[in-house]
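Chemist: This structure is in structure tokens; I'll ask about it shortly.
The values are calculated or read from the model by the stated rules, or taken from the named source; none is laboratory data. Quantities reported herein were computed from a predicted structural model and do not represent experimental measurements. FYI the Cβ positions are ideal-geometry reconstructions off the backbone, even for glycines, and counts take in every protein chain you see.
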Amino acid sequence: MPINIQPILNLMQSILQSVGQVSSLLPPFILPPSLLPPSFIAPPSFIAGYHEIAIPVPTPPGITGLPPFIYFDISNLFTATQEQAIKDSISLVLFNWSFHLTQKWNGGLNNGLSQLASCSNTYATKNLRPIWYNGVAITNGRKALEVAMDQFTQMIKDNGLGKSPRARIDWITIPFYDPIVLTTTSTTQTRIPLNFVVNAASLDNPNFGVGFNTGSMMHAWLHRAGFLDPKTTSYFISEASMCVMRGSQPKTPGVPDSLYYRVFA
């Protein structure tokens, strides 16, 4: 008798619906329950409950009205180690945002070229504008990165000042599926909840680590900022995230981009 995997699909959908449409987030295959680890067969986050975490917000020069913290309701299903890894990846995304703005501030001239903008300008040539953008045409990776980081500022303010809906970080574990942080692309510019689903199986993968976690989190933030996939070479959402993973350094011959963007969703 064939194994009924519908209960597993239902469980995944109940979790992923917290961030929006599900269809684009599901992996290409789902293992039957008999092959899944016991940790997968667990109550969804909304049953297990949540607790609040607060992440300190850096204060780059020239930016006013920032909150001291951004806040998330994180699933109780994460272990303490997993939760710390998630906090670290969010903090590193905030560091990259702050460092970009500090370099761009350029002593008050606000015309500097940050390392992250320079890296993005070198490699990103496609899908340079967020869905909601109606301004002057974005023609290069530098401008795309600057628009994205300004949108991060908007999302940080809306979250930390309570203007957007409560942000949730939901738990799921999908064995043999590399993406770490999953979310959907926002179509609006303001009051965007910073909702994510984190694949605990990949978060625990010893082949990954803080760099991959941060790159995947950065990719998810860019989705929430309105940028679309595909997650391949030359596309802004991938190139900017890979720049973060490389510390804005040039690509290394012999290291394929796919090694990095395998963890993007």
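Chemist: Which one is nearest to the chain's Cα centre (by Cα), of the residues in segment 70-82 that are farther than 17 Å from Met218 by Cα and buried (at least 19 other Cβ atoms within 10 Å of the Cβ)?
Modeler: Within segment 70-82, the match that is nearest to the chain's Cα centre (by Cα) is Ile74.
Chemist: Tell me, please, whether a residue that is under 17 Å from Phe152 (Cα atoms), crowded, with 24+ Cβ neighbours inside 10 Å and in contact with a Phe, Trp or Tyr (Cβ under 8 Å, 6 or more places away or on another chain) can be found in segment 196-212.
Modeler: Going through segment 196-212, the residues under 17 Å from Phe152 (Cα atoms) turn out to be 196.
Still in the running and crowded, with 24+ Cβ neighbours inside 10 Å: 196.
Retained after the next criterion (residues that are in contact with a Phe, Trp or Tyr (Cβ under 8 Å, 6 or more places away or on another chain)): none.
The answer is no, given that none of the residues of segment 196-212 is under 17 Å from Phe152 (Cα atoms), crowded, with 24+ Cβ neighbours inside 10 Å and in contact with a Phe, Trp or Tyr (Cβ under 8 Å, 6 or more places away or on another chain).
Chemist: Right, another one. Let me spell it out: the conditions are (1) in contact with a Gly (Cβ under 7 Å, 6 or more places away or on another chain); (2) assigned to a helix (DSSP H, G or I); (3) under 14 Å from Ile237 (Cβ atoms), and Leu145 meets all of them except one. Which number is the exception?
Modeler: (1)
Chemist: Would you be able to tell me the number of residues in segment 95-126 that are over 23 Å from the mean Cα position of the chain (by Cα) and touching a residue at least 12 places away in the same chain (Cβ under 8 Å)?
Modeler: Counting residues in segment 95-126 that are over 23 Å from the mean Cα position of the chain (by Cα) and touching a residue at least 12 places away in the same chain (Cβ under 8 Å) gives 4.
Chemist: Where residues in segment 127-140 are of a type outside the set (D, E, K, R) and under 23 Å from the mean Cα position of the chain (by Cα), which of them is farthest from Ala225 (Cα to Cα)?
Modeler: Only one residue fits best here, namely Asn140.
Chemist: When the residues of segment 91-100 are filtered to those that are within 19 Å of Asn213 (Cβ to Cβ) and touching a Leu at 6+ places or on another chain (Cβ under 8 Å), which remaining residue is surrounded by the fewest Cβ atoms within 10 Å (Cβ to Cβ)?
Modeler: Phe99
Chemist: Going through segment 68-99 one residue at a time, which ones are touching a Ser or Thr at 6+ places or on another chain (Cβ under 8 Å) and of a type in the set (Gly, Ala, Ser)?
Modeler: Once the filter is applied, which keeps residues that are touching a Ser or Thr at 6+ places or on another chain (Cβ under 8 Å) and of a type in the set (Gly, Ala, Ser), segment 68-99 yields Ser75, Ser89, Ser98.
Chemist: Do we have Gln103 as exposed (fewer than 14 other Cβ atoms within 10 Å of the Cβ) and part of a helix (DSSP H, G or I) here?
Modeler: no
Chemist: Could you tell me how many of the residues in segment 143-170 are crowded, with 19+ Cβ neighbours inside 10 Å, within 23 Å of Ala54 (Cβ to Cβ) and of a type in the set (A, V, I, L, M, F, W, C)?
Modeler: Qualifying residue count for the region: 6.
Chemist: What number of residues within segment 234-265 are part of a loop (DSSP other than H, G, I, E, B), touching a strand residue (DSSP E or B) at 6+ places or on another chain (Cβ under 7 Å) and either more than 21 Å from Arg224 (Cβ to Cβ) or aromatic (Phe, Trp, Tyr) (or both)? Talk me through it step by step, then tell me what you get.
Modeler: Filtering segment 234-265 for residues part of a loop (DSSP other than H, G, I, E, B) gives 234, 246-257, 262-265.
Then drop every residue that is not touching a strand residue (DSSP E or B) at 6+ places or on another chain (Cβ under 7 Å), which leaves 234, 265.
Restricting the remaining residues to those that are either more than 21 Å from Arg224 (Cβ to Cβ) or aromatic (Phe, Trp, Tyr) (or both) gives 234.
Counting residues in segment 234-265 that are part of a loop (DSSP other than H, G, I, E, B), touching a strand residue (DSSP E or B) at 6+ places or on another chain (Cβ under 7 Å) and either more than 21 Å from Arg224 (Cβ to Cβ) or aromatic (Phe, Trp, Tyr) (or both) gives 1.
Chemist: Sort through Asn121, Asn111, Asn140 and tell me the only one that's at pLDDT 95 or above, in contact with a helix residue (DSSP H, G or I) (Cβ under 7 Å, 6 or more places away or on another chain) and surrounded by fewer than 18 Cβ atoms within 10 Å (Cβ to Cβ).
Modeler: Working: Asn121 fails: surrounded by fewer than 18 Cβ atoms within 10 Å (Cβ to Cβ); Asn111 fails: in contact with a helix residue (DSSP H, G or I) (Cβ under 7 Å, 6 or more places away or on another chain).
When all the criteria are applied, what remains is Asn140.
Chemist: May I ask you to list the residues in segment 160-173 that are in contact (Cβ under 8 Å) with a residue 40 or more places away in the chain and out of contact with any Ser or Thr (no Cβ under 8 Å at 6 or more places or on another chain)?
Modeler: Of everything in segment 160-173, those that are in contact (Cβ under 8 Å) with a residue 40 or more places away in the chain and out of contact with any Ser or Thr (no Cβ under 8 Å at 6 or more places or on another chain) turn out to be Gly160, Leu161, Arg166, Ala167, Ile172.
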